[in-house]
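Contents: one structure, followed by commentary.
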Amino acid sequence: MQTTPAPSSDLFGRHDSARCRIMQAAVDAFGRRGYAATSVREIVEHAGVTKPVLYYHFGSKEGLMKAIMDEAAKAVSAVVEHARLEGGTARARILRLCESLQELVRAHTSELRVVHAVYYFAPELLPKIDFRVFERLIVGELEEIVGAGIRTGELKPVCPRHAAVLVAAVLSAFLDEELIARDVPRTEVDLEPVLDLTFDGLCPSPTA
């Protein structure tokens, strides 16, 4: 299915701004060394600013990571809203949303890889930073789409939450595939046929 991608500007704003340079430097450093091992000094040297400039914009390294998370959440929210406005059947809407999120990850792999890694490997940031915002955005939208499909009779009357979690699990597997290191062999499977199988099921249709 051909999707219309959501607007994909620079995730952190203008490249020439100090705030943007600091955030991108943090993404680069966190990606190489991890959040815990990266110092503020390393970030500001890479960004070409001083520590007071970082503290002015973000308050701390933790505040900087939160800002990265917030920008990523805004990007996901924009994709969700863009996909919602295009309408269509429940099946088409779900496929479009999933493919649009896959394209977002491909466009901003380094930034979203850091968010993904911190979720798993920086427990010191939990629960100070709301990592479940992405789950709420995506699963919540999927649940709404499934509910609409049930009301129109397109989908059978299942629990919308359960269906949303199922689709989100499929999507998560493909997004994880995008976020792993590029030298790791890829699974040669496309998203659309797996989502088709999610809709069609594994059991044969009952005969009349």
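One residue stands out in the stretch 81-95 among those that are surrounded by 21 or more Cβ atoms within 10 Å (Cβ to Cβ) and among the aliphatic types (A, V, I, L, M): the one that is nearest to A164 (Cα to Cα), namely I94. The residue of the stretch 96-151 that is surrounded by the most Cβ atoms within 10 Å (Cβ to Cβ), among those that are basic (K, R) and part of a helix (DSSP H, G or I), is R96. Of all residue pairs spaced 6 or more apart or on separate chains, those with beta-carbon atoms under 8 Å, a first member in the stretch 187-208 that is under 11 Å from C98 (Cβ atoms) and a second member that is in a loop (DSSP other than H, G, I, E, B) are E192/M1.
Look at V139 and say whether it is touching a helix residue (DSSP H, G or I) at 6+ places or on another chain (Cβ under 7 Å) and modelled with pLDDT under 90.
On the way: touching a helix residue (DSSP H, G or I) at 6+ places or on another chain (Cβ under 7 Å): yes; modelled with pLDDT under 90: no.
No; evaluated as a whole, the condition is false for this residue.
In the stretch 105-114 there is no residue matching the filter, namely being assigned by TED's automatic domain parsing to the domain that holds V133, closer than 25 Å to R161 by Cβ and among the small types (G, A, S). Annotation: S205 fulfils all but one of (1) modelled with pLDDT of 95 or more; (2) not assigned by TED's automatic domain parsing to the domain that holds V114; the unmet one is (1). Within the stretch 41-50, the set of residues being surrounded by fewer than 16 Cβ atoms within 10 Å (Cβ to Cβ) and either touching a His at 6+ places or on another chain (Cβ under 9 Å) or over 12 Å from A18 (Cβ atoms) (or both) comprises R41, E45.
One line per residue, one yes/no per condition, for (1) touching a helix residue (DSSP H, G or I) at 6+ places or on another chain (Cβ under 6 Å); (2) modelled with pLDDT of 95 or more:
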{"site": "G13", "(1), (2)": "yes, no"}
{"site": "Y35", "(1), (2)": "yes, no"}
{"site": "E45", "(1), (2)": "no, yes"}
{"site": "E81", "(1), (2)": "no, no"}
{"site": "G88", "(1), (2)": "no, no"}
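The set of residues from the stretch 18-34 being surrounded by fewer than 19 Cβ atoms within 10 Å (Cβ to Cβ), over 19 Å from A117 (Cα atoms) and touching a residue at least 24 places away in the same chain (Cβ under 8 Å) comprises just one member, A18. Across the stretch 35-61, the number of residues qualifying as in contact (Cβ under 8 Å) with a residue 40 or more places away in the chain and either polar (S, T, N, Q) or assigned by TED's automatic domain parsing to the domain that holds S110 (or both) comes to 0. In the stretch 15-81, counting only helices (runs of 4 or more DSSP H) that sit wholly within it, the ones holding 3 or more residues that are within 20 Å of the chain's Cα centre (by Cα) span 18-33.
The values are calculated or read from the model by the stated rules, or taken from the named source; none is laboratory data. In this text the structure is predicted, and so the values were computed from the model without any measurement. Backbone-built Cβ (ideal geometry, glycine too); neighbour counts: all protein chains shown.
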